[in-house]
Structures are given as C-alpha cells and as structure tokens.
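A.B. asks: The structure is given below, and queries will be raised subsequently.
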Amino acid sequence: MHKIISKVIDIIYIALFLLLTFCILTNSRLSLHYAFTGLELWFNNMIPTLLPFMILSGTLIRMGLTEGFTTLLYPFVKPLFRVSRNACYVMIMGFMCGFPMGANCVNDMYAHHKINHREAAYLLAFCNNIGPIYFVSFALPLIGCSKILPCVFGMYGLPLLYGLLLRYTCFRDLQDKNLPDTRQSCQTKHLGLFQALHEAIYGSMQSILMLGGYMVLFNLLMLVPHLLTGQAPQFLAPILEITGGLKILGSAQPLYSLIILPFGGCCCIAQTYTCIQDTELSIRDYILHKLLLTALTAVYYLLCLRFARLW
C-alpha cells in the first residue's frame with residue numbers, strides 16, 4: 001500500500017512539473033513577469049533588509065556574544081517565558097528581523113549547541129514572523145490601514161501571547177536554564193572576530209541565495225492559476241508568496257491580507273524548512289502552529305472590526 005501511495009505522489013509531482021513547464025514555454029512573457037517579480041522582490045527587499053542581520057547574528061553566535069546582547073531585555077523576558085539568555089536572543093531576532101530570521105537563529109543556536117532540541121522546538125513555534133519594518137513600511141500602507149497599533153498587536157502581540165501559552169502548556173517541561181545537548185557537550189569553541197565573520201558571511205550568502213530561489217519559484221507558480229482563470233490569482237497569491245501576493249491584492253482585501261500575514265505563505269514555509277532541514281525539528285509542527293496563529297489572528301481582527309474601524 002505504501003509503495004502505491006508513493007507511486008501516486010510521484011505521478012502527481014511529474015504531472016505538476018510538466019504542467020508548469022508547458023505553461024512557461026507557451027506563455028514566456030507572463031512567466032518572465034512573475035519570475036522577474038520574485039527576483040526583484042528578493043533583490044530590493046530581502047537582501048538589504050535581511051542579509052545584514054543574518055551576518056551580524058551569525059557573527060555574534062559564533063563569537064559567543066549573544067548572552068551579553070540580551071542583557072537589557074532578559075530581566076523582563078525571563079520571569080514570563082522562563083527561558084535561557086540564548087533563547088531570549090532568538091526571540092529578539094525572530095520578532096525584529098523577519099522571515100526566516102527566527103528559524104535561521106534557531107538553527108544556528110541549535111547547531112552550535114547553545115540551546116537544546118526542546119527549547120529549539122518551542123522557539124520555532126512562535127518566533128519566526130514578518131519583520132516590523134516590512135510590516136509597518138510596506139504591508140500596512142499597501143492595504144490602506146489607518147490604525148497602526150491594533151495591527152501591530154495583531155502581528156506581534158498575538159504570537160507573544162501564544163508563545164506564553166505554549167510555555168505553560170505544551171512546553172511546561174522546559175527547564176529555566178539550558179540543559180546540555182545530548183548529542184555532545186555545549187562547551188563549544190568560540191571563534192575570533194574575523195573567522196566568525198568569515199563563516200557568518202559564507203553561511204548567510206548561501207541562505208540568502210536559497211531564499212531568492214524560493215521567491216522566484218513561488219512567484220512563478222502564480223502563472224498556472226493566472227492562465228486557468230484569466231487574471232492574477234488574488235486570493236491564492238499571498239498563500240503562495242506573501243510579498244508578491246500582497247502587491248497583487250493591494251488594498252482590495254485588507255482583512256484577508258492582515259489575516260494571512262502571520263502564516264507567511266508557502267514560500268516562507270519552504271524557506272523555514274531550508275533553515276531547519278539539517279536538524280530534527282519538525283516542519284509539520286511549525287506549520288500547525290502557524291495555522292493556529294492564523295486562526296487566532298482571524299478571530300482578533302473580526303473582533304476589532306466589530307468594535308473599531310481599522311481602514
């Protein structure tokens with residue numbers, strides 16, 4: 001039975017590949033438009049906003065300086081979330097730097113044995129979000145939102161509350177301090193500035209190139225529904241790739257845009273998988289948490305519309 005299912009899945013993949021190839025060959029101008037949109041968004045949005053943070057974060061982790069970085073915020077985070085300083089650093093980067101920086105930091109911390117597997121799974125559940133600069137300067141003006149604070153709470157307050165809920169339910173077994181990783185000792189060698197910087201740049205460039213490939217591909221996938229319906233796939237587009245999808249929607253469906261933003265789209269999920277693929281962390285659990293957060297966000301905005309005007 002398992003072999004039959006595997007064969008069926010293979011046939012579906014081949015059929016989808018042939019369909020996309022056919023669409024590209026027969027609609028070269030439209031496929032070029034979507035591919036270029038993904039490349040342009042990657043070059044203009046992802047590289048300048050994400051790459052510097054990836055390099056700086058990777059350098060701090062490899063030099064063992066993350067605990068000092070969290071000195072100011074840790075006294076406020078520890079009593080509520082009861083996590084280690086390294087976990088606090090992941091929380092800061094995940095909320096401040098945007099997709100997929102949270103997942104990238106979780107991977108770096110786990111790979112360098114500064115957090116254990118259980119703590120990594122907990123952080124991945126709520127610390128991989130749309131960046132505030134992207135949200136306030138790009139998303140909110142695009143959808144025509146007139147009240148920023150309720151939307152900022154919906155984007156960042158809800159994941160924090162969700163993380164707090166998880167800490168005292170599903171992850172109540174976490175220790176207040178980091179436990180040694182069972183794979184090997186946490187006593188890893190800290191690198192010097194130039195060696196740490198070299199490794200951080202090398203790793204970050206690999207990651208950013210992979211993310212660019214994903215953005216081009218998932219924007220190109222919009223070609224198929226476009227050809228089937230005769231127009232740009234408005235509701236499907238943000239589910240495939242969030243930035244290109246929001247540009248297609250514009251201010252036509254602000255509620256839908258706000259609700260889909262925490263999910264991040266399939267492209268962000270694929271990017272997250274790229275970041276954690278060498279770990280034992282579960283992408284299925286990550287997707288489940290994202291779906292739950294999206295549902296909570298939908299309830300929140302529906303209540304907001306009941307009592308306030310957001311646009």
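The values are calculated or read from the model by the stated rules, or taken from the named source; none is laboratory data. What you are looking at is a predicted structure, and each value in this text was computed from that prediction instead of being measured. Cβ sites come from the backbone with ideal geometry, for glycine too, and all protein chains shown count toward neighbours.
A.B. asks: List every residue pair whose Cβ atoms lie under 6 Å apart, where the two residues are 6 or more positions apart in sequence or sit on different chains, the first residue falls within the range 197-208 and is on the phi > 0 side of the Ramachandran plot, and the second residue, located anywhere, is not in a helix (DSSP H, G or I).
C.D. replies: Filtered contacts from the range 197-208: no entries.
A.B. asks: Of the residues in the range 97-121, how many are of a type in the set (S, T, Y) and surrounded by fewer than 24 Cβ atoms within 10 Å (Cβ to Cβ)?
C.D. replies: Residues flagged as of a type in the set (S, T, Y) and surrounded by fewer than 24 Cβ atoms within 10 Å (Cβ to Cβ) within the range 97-121 amount to 0.
A.B. asks: What residue, of L60, L25, L16, L32, is touching a Ser or Thr at 6+ places or on another chain (Cβ under 7 Å) and assigned to a helix (DSSP H, G or I)?
C.D. replies: Selected residue: L60, the only one of L60, L25, L16, L32 that is touching a Ser or Thr at 6+ places or on another chain (Cβ under 7 Å) and assigned to a helix (DSSP H, G or I).
A.B. asks: Out of the residues in the range 232-253 that are part of a loop (DSSP other than H, G, I, E, B) and more than 16 Å from F138 (Cβ to Cβ), which is modelled with the lowest pLDDT?
C.D. replies: A232
A.B. asks: Could I ask something else about it? Tell me whether the range 75-89 contains one or more residues that are under 21 Å from P48 (Cβ atoms) and out of contact with any Leu (no Cβ under 6 Å at 6 or more places or on another chain).
C.D. replies: Scanning the range 75-89, I find no residue that is under 21 Å from P48 (Cβ atoms) and out of contact with any Leu (no Cβ under 6 Å at 6 or more places or on another chain), so the answer is no.
A.B. asks: Check F99, F126 and return the single one that is closer than 19 Å to I283 by Cβ, in a loop (DSSP other than H, G, I, E, B), of a type in the set (F, W, Y) and at pLDDT below 85.
C.D. replies: F99
A.B. asks: Continuing with this model, one more query. Does F81 satisfy the criteria of being over 26 Å from E199 (Cα atoms), among the hydrophobic types (A, V, I, L, M, F, W, C) and either touching a residue at least 24 places away in the same chain (Cβ under 8 Å) or surrounded by 21 or more Cβ atoms within 10 Å (Cβ to Cβ) (or both)?
C.D. replies: So F81 passes the test.
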